[in-house]
Amino acid sequence: MSSEELTIHQATEHDVPLLLKFIRALADYEKLLHEVVATEESIQESLFSEESAAKALIVKANGKPAAFAVYFHNFSTFTGRRGLYLEDLFVKPNLRRQAIGKKLLVHLAKIAVNRGCSRFEWAALDWNEPAIRFYEELGAQKMDEWRLFRMSGAALERLAASD
């Protein structure tokens, strides 16, 4: 796909319904659709309010929605600098293998470099071998020695209520 056919822009409030569609499509691909509780209202508040820390990008191919990414800054105490964390990246299945994902990652890497970030990080599901191979081919290092931990729902509430 030539670059004239592909555009990447910062998502706006106008894109909220599209973002929710992409989120649901990603969750479906990851076999996690049952976990999606996001609404247009929650996306509006989380991505476009004054306090929002996360941003989203929309990719269009030939003027039609093709992909999205959500990212935010994290911080490395070891480097003493912020990093860029990619929360989600999704390319429509019929548009994969056309370098859209790579162009989106290049765009995000440029944001990270231009903002002086020391790192650009993300996670991939362990069963998603095509994505893992793709990331490694780009030069990303798989961090096997690290484990992701998550607390939500009742466990989060219990911890917050404890002393």
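The values are calculated or read from the model by the stated rules, or taken from the named source; none is laboratory data. As the structure is a computational prediction, the values presented were derived from the model and not from experiment. Here Cβ is always computed from backbone atoms with ideal geometry, including for glycine, and neighbour counts include all displayed protein chains.
The numbered conditions (1) surrounded by 10 or more Cβ atoms within 10 Å (Cβ to Cβ); (2) in a helix (DSSP H, G or I); (3) at pLDDT 95 or above are all true for SER118 except (2).
Going by the conditions given, is GLY83 in contact with a Leu (Cβ under 7 Å, 6 or more places away or on another chain) and either assigned to a strand (DSSP E or B) or under 29 Å from LYS64 (Cα atoms) (or both)? For GLY83, the condition - in contact with a Leu (Cβ under 7 Å, 6 or more places away or on another chain) and either assigned to a strand (DSSP E or B) or under 29 Å from LYS64 (Cα atoms) (or both) - is not met.
Residues that are surrounded by 17 or more Cβ atoms within 10 Å (Cβ to Cβ), in contact (Cβ under 8 Å) with a residue 24 or more places away in the chain and closer than 21 Å to SER152 by Cα within the range 18-48 comprise ILE23, LEU26, ILE43, LEU47, listed in sequence order. A search for C-beta distances below 6 Å between a residue of the range 87-99 that is farther than 15 Å from LEU18 by Cβ and in contact (Cβ under 8 Å) with a residue 12 or more places away in the chain and any residue that is part of a loop (DSSP other than H, G, I, E, B) and among the hydrophobic types (A, V, I, L, M, F, W, C), counting only pairs 6+ apart in sequence or on different chains, returns GLN98/MET1. Within the range 118-138, residues that are farther than 15 Å from ARG96 by Cα have Cβ atoms under 6 Å from residues that are among the small types (Gly, Ala, Ser) and modelled with pLDDT under 95 in these pairs: ALA124/ALA131, counting only partners at least 6 apart in sequence or on another chain. Of all positions in the range 94-108, none carries a residue that is in contact with a Phe, Trp or Tyr (Cβ under 6 Å, 6 or more places away or on another chain), closer than 24 Å to VAL36 by Cβ and not in a helix (DSSP H, G or I). For the range 134-162, enumerate the residues that are surrounded by 10 or more Cβ atoms within 10 Å (Cβ to Cβ), more than 22 Å from SER118 (Cα to Cα) and among the basic types (Lys, Arg). Within the range 134-162, just ARG158 meets the criteria. Residue-level check: of (1) closer than 16 Å to LEU86 by Cα; (2) at pLDDT 95 or above, ALA53 misses just (2).
Is there a residue being in contact with a Cys (Cβ under 9 Å, 6 or more places away or on another chain), part of a strand (DSSP E or B) and not basic (Lys, Arg) anywhere in the range 57-73?
Within the range 57-73, one or more residues are in contact with a Cys (Cβ under 9 Å, 6 or more places away or on another chain), part of a strand (DSSP E or B) and not basic (Lys, Arg).
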